[in-house]
1. Which numbered condition in (1) modelled with pLDDT of 95 or more; (2) in a helix (DSSP H, G or I); (3) under 19 Å from Thr186 (Cα atoms) is the only one that Trp78 fails?
2. What is the one condition in (1) assigned to a helix (DSSP H, G or I); (2) among the aliphatic types (A, V, I, L, M); (3) without any contact (Cβ under 8 Å) to a residue 40 or more places away in the chain; (4) farther than 24 Å from Glu161 by Cβ that Leu65 does not satisfy?
3. What pairs come out if I take residues in segment 14-40 that are over 19 Å from Glu114 (Cβ atoms) and of a type in the set (Phe, Trp, Tyr) and pair them with residues that are at pLDDT 95 or above and in a loop (DSSP other than H, G, I, E, B) whose C-beta lies under 8 Å away, six or more apart or interchain?
4. Test of understanding: among Leu181, Leu190, Leu228, Leu158, which residue is over 16 Å from the mean Cα position of the chain (by Cα) and among the aliphatic types (A, V, I, L, M)?
5. Looking at (1) touching a residue at least 12 places away in the same chain (Cβ under 8 Å); (2) part of a loop (DSSP other than H, G, I, E, B); (3) over 17 Å from the mean Cα position of the chain (by Cα), which one does Pro93 not meet, given that it meets all the others?
6. Being farther than 27 Å from Leu76 by Cβ and in a helix (DSSP H, G or I) is the filter; apply it to segment 114-132 and report the residue that is farthest from the chain's Cα centre (by Cα).
7. Using beta carbons and a limit of 7 Å, which pairs, at least six apart or on different chains, have the first residue in segment 47-62 and outside the structural domain of Ser85 (by TED's automatic domain parsing) and the second one outside any helix (DSSP H, G or I) and surrounded by fewer than 18 Cβ atoms within 10 Å (Cβ to Cβ)?
8. For segment 15-36, give me each residue that is farther than 11 Å from Ala183 by Cα, in a loop (DSSP other than H, G, I, E, B) and not β-branched (Val, Ile, Thr).
Amino acid sequence: MNTQRKDPGNKIVPSFSWADIDTVLLDMDGTLLDKHFDDYFWEQYVPEHYSLLHDIPVEQARQELLARYRSVENTLDWTDLDYWSRELGLDIPELKLRINHLIGVHPYVVEFLEFCLRRRKRLYLVTNAHPRTLCIKLEKTSIGPWFDRIVCAEEVGLAKEVPAFWQRLEKMLGYDPARTLLADDTEKVLDSARSYGMGLLIFVARPSSRQRVRYSARYPSIDYFKELIPKQGDRV
């Protein structure tokens with residue numbers, strides 16, 4: 001389905017026909033939404049409050065928390081706000097609400113969602129985010145109504161980094177993996193989807209507006225979703 005070619009910047013450029021795609025699966029944080037909010041929240045804002053709670057320097061708090069984050073990466077605990085509230089002694093949902101002004105949608109996301117609907121593609125938001133995080137972000141961004149269904153990993157019972165996640169998701173949604181496009185900003189997620197047999201995998205190389213673009217060496221990459229919207233005269 002996908003013919004890989006590299007542009008002069010060593011970026012693997014997506015090349016496929018939309019006629020071969022029935023279903024579009026989209027990640028949320030870093031893919032549709034600017035990951036700057038999450039990076040700032042977990043790496044700066046939470047350590048600041050943790051340092052006040054324990055009367056330790058912010059940098060010491062940051063290093064301690066980064067180690068604790070890494071210990072549960074690729075599991076449901078990593079995104080579980082109740083877990084972190086218990087573990088850290090902080091009201092994590094309340095802290096998120098205090099800085100929700102930093103939550104934002106990436107450029108060209110709405111245009112891409114409109115394009116998918118015009119082409120009558122089945123459109124699903126599939127996220128590792130905790131349901132309480134999802135509620136905060138959907139209320140702030142109003143992107144929820146674009147989707148046929150929104151699925152949290154907690155509902156599936158596994159994180160997206162686990163290949164069995166996609167088998168369970170297929171049973172829930174009834175899509176054909178060979179005719180499905182998945183876009184995500186995490187290569188481990190794309191790796192698990194590839195091992196499961198997902199048809200077309202797209203790496204989002206600009207998850208945060210404050211970080212450098214990083215293209216995948218293994219997957220077709222995009223900076224913005226406008227790159228997946230055919231221009232006049234393109235093969236669709």
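The values are calculated or read from the model by the stated rules, or taken from the named source; none is laboratory data. What you see is a predicted model, and the numbers here were worked out from it, not measured in a lab. Cβ atoms come from the backbone with ideal geometry, glycine included; neighbour counts cover every protein chain shown.
1. The single condition Trp78 does not satisfy is (1).
2. Unmet for Leu65, out of (1) assigned to a helix (DSSP H, G or I); (2) among the aliphatic types (A, V, I, L, M); (3) without any contact (Cβ under 8 Å) to a residue 40 or more places away in the chain; (4) farther than 24 Å from Glu161 by Cβ: (4).
3. Phe37/Ile99; Phe37/Ile103; Phe37/Gly104; Tyr40/Ile99
4. Working: Leu181 fails: over 16 Å from the mean Cα position of the chain (by Cα); Leu190 fails: over 16 Å from the mean Cα position of the chain (by Cα); Leu158 fails: over 16 Å from the mean Cα position of the chain (by Cα).
The match here is Leu228.
5. (2)
6. Within segment 114-132, the first condition is being farther than 27 Å from Leu76 by Cβ, and the residues that meet it are 114-121.
This time we only want the ones that are in a helix (DSSP H, G or I), so: 114-118.
Values: Glu114: 19, Phe115: 19, Cys116: 18, Leu117: 20, Arg118: 23 Å.
Filtering first and then ranking leaves Arg118.
7. Here the result reads none, with nothing in segment 47-62 linked to a residue that is outside any helix (DSSP H, G or I) and surrounded by fewer than 18 Cβ atoms within 10 Å (Cβ to Cβ).
8. Across segment 15-36, the qualifying residues are Ser15, Phe16, Ser17, Asp22, Asp34, Lys35.
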